[in-house]
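Just below is one structure, and these are the notes that go with it.
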Amino acid sequence: MSRSKRKWDHIQLALTTGQKRLAGFEDITFIHQSLPNTALKKANLCTKIGELHLSSPIFINGMTGGGGEKTLQLNRDLALAAKELDLAISVGSQMSALKDPSEKETYQVVRKENPNGIIIGNLGSEATVDQAKGAIDMIEANALQIHLNVVQELTMPEGDRDFRSALYRIEDIVRKTDVPIIVKEVGFGMNKETVSQLESVGVSAVDVGGFGGTNFAQIENERRERDLPFFNEWGIPTSISIVEAKNGCKGLSILGSGGIQTSLDIAKSIALGADAVGIAGYFLKILMNHGIESLIETIQAMHTELAIMMTALGAESIEDLQKTPIIISGHTHHWLNERSID
Ligand code: FNR
């Protein structure tokens, strides 16, 4: 199986298998506020990831690159949408372009289309310091995501089987590169102990990449008729993982992602403790099925709706929204109780 064929399979299967509503947001309810004492024009959506200032809490999460003309076009469109709306955007794993420089263009198009935007590079935790520097230089990245995808690798016949020393390599990259390092999951969530370990080696942010949206176990299983079906329901739902992450660190930026599709999911993620929210599969689906204009309109509507919800809740900033009281019920409540997390 060629790498580019695999990437295209992932894109196609993400559209069909991964877009269920299982991220746990139905367990989160806002407490209605009848005297919000604010105005819509006061709602400010600016936020920060580490030292990076963002004008929106929404970012386009890492998906693609490598693989030729089709992925180049997708990345170009995602970059144009990010530029139009002033969103941060991550590229997909750059390892293939480090190994085969003819693929670089499919990533560099993101910087070319958006010279002044916030663009985040992406590599797996097997990467060395030199590879991290190469990925950053390739797209003049403002930050680097390092993804942890143990379950995906184990589900792929050609995937990695040895996950030793990942934390050590991450620490080395943090020390020897000069951009913020964001460590992310890819749809299986992170627990608070992991987040605490990552904070101890100096990463700037974690992206929980929770269960409930794009499901790489299911995608890999579909590609070969369900080898490891027990991984299909494996992982920490996004709602829970954001709270785990918040409790596992003292001051990291928390990025909420995994199955986010609506402005309400975004508002709930922020109220649970996220500083920003990443969306991958849902944006890809809109782009591929309806085109770039539709993607831009969807994100514009998310911004408007988020500001409207903040007004109803009396929150004028993302920090205010993070302090908004919520009720947590159901499976999320049970989990947090079992784990003694407030
Ligand atoms: C991804 N994702 C991903 N993540 C990563 O760190 N490096 C990568 O190369 C990719 N590739 C990729 C391809 C495709 C087609 C999709 C849909 C996703 C994972 C992505 O960034 C995110 O963590 C998960 O998809 C969960 O978020 P959503 O899709 O539920 O919003």
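The values are calculated or read from the model by the stated rules, or taken from the named source; none is laboratory data. Computed from a predicted model, the values in this text were never measured in an experiment. Cβ coordinates were reconstructed from backbone atoms using ideal geometry, including for glycine residues, and neighbour counts include every protein chain displayed. Side chains are part of the model used for accessible areas, which takes the heavy atoms of the whole protein and leaves out ligands, DNA and RNA. Shrake-Rupley method; radii C 1.70, N 1.55, O 1.52, S 1.80 Å.
Some points to look at:
- DSSP loop GluC sites (Glu not before Pro) with at most 13 other Cβ within 10 Å: longest gap in the chain: 226-342
- Surface composition of the chain: carbon and sulfur atoms hold 49% of the protein heavy-atom accessible area at a 1.4 Å probe.
- Overall form of the stretch 209-342 per C-alpha gyration tensor (a/c, 1.5; a/b vs b/c): oblate
- Rounded to the nearest 20 debye, the dipole magnitude of the chain is 140 debye, with +1 charges on Lys and Arg beta carbons, -1 on Asp and Glu beta carbons, and the Cα centre as origin.
- Range of Cα positions in the stretch 1-132 per principal axis (Å), largest first: 59, 35, 29
- Above 18 Å, the calculated P(r) of the stretch 161-206 contains 26 percent of its Cα-Cα pairs.
- Restricting attention to the stretch 71-206, lysine pairs at least eight places apart or on different chains and with alpha-carbon atoms under 24 angstrom apart total 16.
- For the chain, with +1 on Lys and Arg beta carbons and -1 on Asp and Glu, the positive-most of MET302, ILE327, LEU272 along the dipole: MET302
- Here is the P(r) of the stretch 188-269: all C-alpha pair distances, binned every 5 Å from 0, give 3, 17, 22, 18, 16, 12, 8, 3, 0 in whole percents.
- Dividing the mean sequence gap of close Cα pairs (under 8 Å, 6+ apart) by how many residues the stretch 78-121 holds gives a relative contact order of 55 percent.
- Counting every pair of alpha carbons in the chain, the share spaced more than 40 Å apart comes to 6 percent.
- Pair-distance profile P(r), taking every C-alpha pair of the stretch 87-187, with 5 angstrom steps and integer %: 2, 13, 25, 23, 20, 12, 4, 1
- Within the chain, longest stretch free of exposed trypsin sites (Lys or Arg not before Pro) [DSSP loop, at most 15 other beta carbons within 10 Å]: 22-160
- Looking at the chain, the accessible area is 43 square angstrom per residue; that uses a 1.4 Å probe and ignores ligands, DNA and RNA.
- Debye, to nearest 20: dipole size of the stretch 140-209, +1 on Lys, Arg Cβ, -1 on Asp, Glu Cβ: 140
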